[in-house]
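A short worksheet on the structure shown next.
The values are calculated or read from the model by the stated rules, or taken from the named source; none is laboratory data. The shown structure was predicted, so the numbers you read here are calculated from the model rather than taken from an experiment. Cβ sites come from the backbone with ideal geometry, for glycine too, and all protein chains shown count toward neighbours.
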């Protein structure tokens, strides 16, 4: 065989997901895309905000010399300085030190930032703990760098379950990975939950004589509803890194731009080691500071995001419709996912039933949480309204 | 320690290079950038061709719906179809099958494409053979995926030494990596050399009962001098992949866009396995089809490149100047590097001597080829002319 054993196993796992999406594609081809209700993938359908196109047009028209040159491995210093300013304004409270360019590493999306973090932290066999359910790529990101993802039981309503994480920590634990607002549940962790996690990690780090890194995956930070803000991890634990991107809040997932931010309160020697290592990883993984032009554009858009109320109206419509139909679910506070209970214990069987109603969803097993299914409301309101009778019929058929 | 043992070792190795470049930066700050002759880094200084800015402006003005959305893991099909057309026109001779979108995977630069190839091929401990000297990142790209880079003796004048490669092949060999036009020597491999390599790989693959992949790193393909074209690898060996980018030929290294092209003559089952695996790797490494906007732009620029005669004039100026001063070197046929013999056996000591003349160069040891040094002529003609007396003095000082 040409490809490696490791990749053959991975690609075989992917084949299942591909088959699922391929069936959806075939269904759309056969019935017309408007007659298929696709809630299976988190591909933002809300266009980028108008300010984005203005900024892009301006940067392109200026055509400044060296615009497309190699960047420093961390990305343009002037862009990182703008991001640092924004982080001071939005996450600076409770920190002893201000963010600066030396805390920011630009990379290819939040996925790139997470790969950097794990490349930097993991020797073969080292462990990363994350609560269930979790974004299906986490296991791959950790495995890319010879690590092992260990999952921990969530709390009720998928709240952060600190004791379950604490008990999973071993001498091989190098990082704990959390995600808030959370994919697939939409949960936002409270400051109190983060403080408890910080205390547990501090205790475990002291016990094992080596810091455990808290990695906060935050691509949905700006997608919070009801005027909520997402509590940052940094005031609660010095050894923390946040990964984010412009994929969801500016609807630019194809542009592959994001960054890793290091806690400015991390002890300086470790911060410098980590920053250098993230830079090395950024170079040798081929991201090399992330795409150049788009950095100049987003530099001017630090406070900007898509109209979150669009997603919030969809959430309300979907939550109300599904609850009326008899589904059991927790109301998400952010991101654009719902994670209802599957009426059948076998969530894949229920997802197949939904498909009979021309509804595409993702089974909970993909998130290591069987008995649930994920709906992504990257679909317009009429599509949501038109899908509701099908959801009701599918549930009734399981009774 | 926070970071991994593996990364600490890597970052320590990097510190030497960083120190070297840091000294250069300090020298420029102290003496003025115009008084330092920097031939140390391959950062193209020739601006992108005018057609690039026109195409970029057009794509941005059109602002087509979904322009910045998630792409398929291989990149936009329409872009891959344009590339396939270009490959048919420029590399199609001698192939039984035409290129199509199913042979192209868009990624983040040629570095991304090489990472994809190794991610796809390597189980822990598997080997990749490359001739010396070689681009310093090759070892890192292979090591990223738990493989081991094995170097092979070059031929006279750094020509392809097929027997040296053949003898290095073991049951653990999964790939042979070549680079033409070559960094750091500027050598272009002939069709005859490639045919000999193809025959050797065919024989070894048959002997070990498993295909060895030929990976051709070709970011300098369009930078060939004297009207030369670079012979493609594909007619000579079915199990071949080419990695390339728009970094050098369109001067867009910061935009992180390139692709991997699979030989259309590869047996179909293996082609399909490899394509699927490259797609999986592209997703889980976070490249996800490469930056979206820039793909639309380069789709229209398949035959376009910077004015190669600019680089050719610099080559001539530098070769003539250095030879007149008494340096021994092979005339490069492509890329933008010179690799002269170091007058001192210790190339690092000679690079330090050049620094006294305000000339920045890279020592051969960085390319696993001590006794030489690399000069990159990404610097204007006046800078080259003004540096020549310093080169002469440094050589004289070693006599």
Just to be sure I understand, how many residues within region A:54-81 are within 23 Å of the chain's Cα centre (by Cα) and surrounded by fewer than 20 Cβ atoms within 10 Å (Cβ to Cβ)?
0
Select, from B:230, B:187, the only residue that is in contact with a strand residue (DSSP E or B) (Cβ under 7 Å, 6 or more places away or on another chain), modelled with pLDDT of 95 or more, away from chain A (no Cβ under 12 Å) and within 21 Å of residue B:315 (Cα to Cα).
B:230
Residue list for region A:277-326, restricted to those being within 14 Å of another protein chain (Cβ to nearest Cβ), in a loop (DSSP other than H, G, I, E, B) and under 30 Å from residue B:43 (Cβ atoms):
A:285, A:286, A:287, A:288, A:289, A:290, A:291, A:301
Check region A:248-267 and report whether any residue there is on the phi > 0 side of the Ramachandran plot and surrounded by 23 or more Cβ atoms within 10 Å (Cβ to Cβ).
yes
Exactly one condition in (1) more than 13 Å from every other protein chain (Cβ to nearest Cβ); (2) in contact with a helix residue (DSSP H, G or I) (Cβ under 9 Å, 6 or more places away or on another chain); (3) surrounded by fewer than 16 Cβ atoms within 10 Å (Cβ to Cβ); (4) modelled with pLDDT under 95 is not met by residue B:24; state its number.
(3)
For region B:11-18, indicate whether the set of residues that are closer than 19 Å to residue A:70 by Cβ, in the same structural domain as residue B:352 (by TED's automatic domain parsing), touching a residue at least 24 places away in the same chain (Cβ under 8 Å) and surrounded by 11 or more Cβ atoms within 10 Å (Cβ to Cβ) is non-empty.
yes
Can you spot a residue in region A:83-95 that is part of a loop (DSSP other than H, G, I, E, B), at pLDDT 95 or above and more than 18 Å from residue A:222 (Cβ to Cβ)?
yes
Total residues in region A:28-38, condition crowded, with 18+ Cβ neighbours inside 10 Å and either part of a helix (DSSP H, G or I) or outside the structural domain of residue A:385 (by TED's automatic domain parsing) (or both)
0
Please specify each residue of region A:109-143 satisfying the condition of being surrounded by 24 or more Cβ atoms within 10 Å (Cβ to Cβ), more than 18 Å from residue A:370 (Cα to Cα) and out of contact with any helix residue (DSSP H, G or I) (no Cβ under 6 Å at 6 or more places or on another chain).
A:109, A:110, A:111, A:112, A:113, A:117, A:121, A:122
Based on what the data block shows, is residue A:254 more than 14 Å from the chain's Cα centre (by Cα), under 28 Å from residue A:331 (Cα atoms) and without any contact (Cβ under 8 Å) to a residue 24 or more places away in the chain?
no
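Consider region B:1-21. How many of its residues are assigned to a helix (DSSP H, G or I) and either farther than 30 Å from residue B:306 by Cβ or within 7 Å of another protein chain (Cβ to nearest Cβ) (or both)?
13
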State all residues of region B:39-53 that are buried (at least 17 other Cβ atoms within 10 Å of the Cβ) and more than 13 Å from chain A (Cβ to nearest Cβ); if no residue qualifies, say none.
B:39
